[in-house]
DNA sequence: GGTATGATTGACT
DNA sequence: GTCAATCATACCA
């Protein structure tokens, strides 16, 4: 893999391949964040995806150009951050479920008082709080302020598992986790889908 | 205008 | 293990 390839070019392709690639990348929001250790892929041809029933005002960002954010509110209380992937208009995105809190740790601690470091960014709702993600980021570029998105430096050991928290297409192994990471939201990793990226 | 639902989390038994 | 919190969106009338 060439280090000269821009991250955006790696996102403008099949969303499942892009999702697997995203594990190990570095994601920062206003300097807060770290290494991505858990993601899930969602495609328009996917009953579990917001884009499955076509474009609406909520999921409009999913149909925009790749390399942008899709932010929406879940269960009325959580802000979830996605990375738009695939071709523009395809309605594909990758949900970022967990990162390692490497940067801006003091600010994360301030945002999550009484919460252990391991739980700061473990789970999409918590990640949104820790990184300060909100509706103002919906549709924003991930390669410009306040975001920083940088590709992984070396190989990453990735496991493919079923997605979490959905009721449709639950068997699609479109959740990708860095092997052995204690920062992933669910360590119950099923064997059989192990792959290697890098 | 009214109601059902959800890519979750945290508290409680 | 079970269940409430909380609200924008989607859908029906």
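Rule-based calculations on the coordinates, nothing more; no lab input. Treat the numbers as computed from the prediction; the structure is a model and nothing was measured. Positions of Cβ are generated from backbone atoms using ideal geometry, with glycine treated the same way; all protein chains shown enter the neighbour counts.
General remarks:
- Segments classed as strands (runs of 3 or more DSSP E), wholly inside the range A:17-129, with at least 1 members that are closer than 21 Å to residue A:181 by Cβ: A:26-29, A:32-42, A:78-85, A:92-99
- Residue list for the range A:51-69, filter: crowded, with 18+ Cβ neighbours inside 10 Å and within 12 Å of DNA strand C (Cβ to nearest atom): A:51, A:59, A:61, A:62, A:63
- Of all the numbered requirements in (1) without any contact (Cβ under 8 Å) to a residue 60 or more places away in the chain; (2) surrounded by 15 or more Cβ atoms within 10 Å (Cβ to Cβ); (3) closer than 19 Å to residue A:167 by Cα; (4) out of contact with any helix residue (DSSP H, G or I) (no Cβ under 6 Å at 6 or more places or on another chain), residue A:48 misses one, and that requirement is (1).
- Verdict on residue A:141 being touching a strand residue (DSSP E or B) at 6+ places or on another chain (Cβ under 6 Å) and surrounded by fewer than 22 Cβ atoms within 10 Å (Cβ to Cβ): yes
- Number of the exception - residue A:87 against (1) touching a residue at least 40 places away in the same chain (Cβ under 8 Å); (2) surrounded by fewer than 19 Cβ atoms within 10 Å (Cβ to Cβ); (3) in contact with a helix residue (DSSP H, G or I) (Cβ under 9 Å, 6 or more places away or on another chain); (4) closer than 14 Å to residue A:11 by Cα: (3)
- Residue match in the range A:21-44 (condition: within 13 Å of DNA strand B (Cβ to nearest atom) and more than 15 Å from the chain's Cα centre (by Cα)): yes
- Contacts under 8 angstrom Cβ, first residue in the range A:112-123 being closer than 17 Å to residue A:79 by Cβ and in contact (Cβ under 8 Å) with a residue 60 or more places away in the chain, partner in a loop (DSSP other than H, G, I, E, B) and away from DNA strand C (no atom under 16 Å from the Cβ), 6 or more apart: A:121/A:100; A:121/A:101; A:121/A:183; A:122/A:183; A:122/A:184
- Candidates A:76, A:24: the one that is buried (at least 17 other Cβ atoms within 10 Å of the Cβ) and on the phi > 0 side of the Ramachandran plot is A:24.
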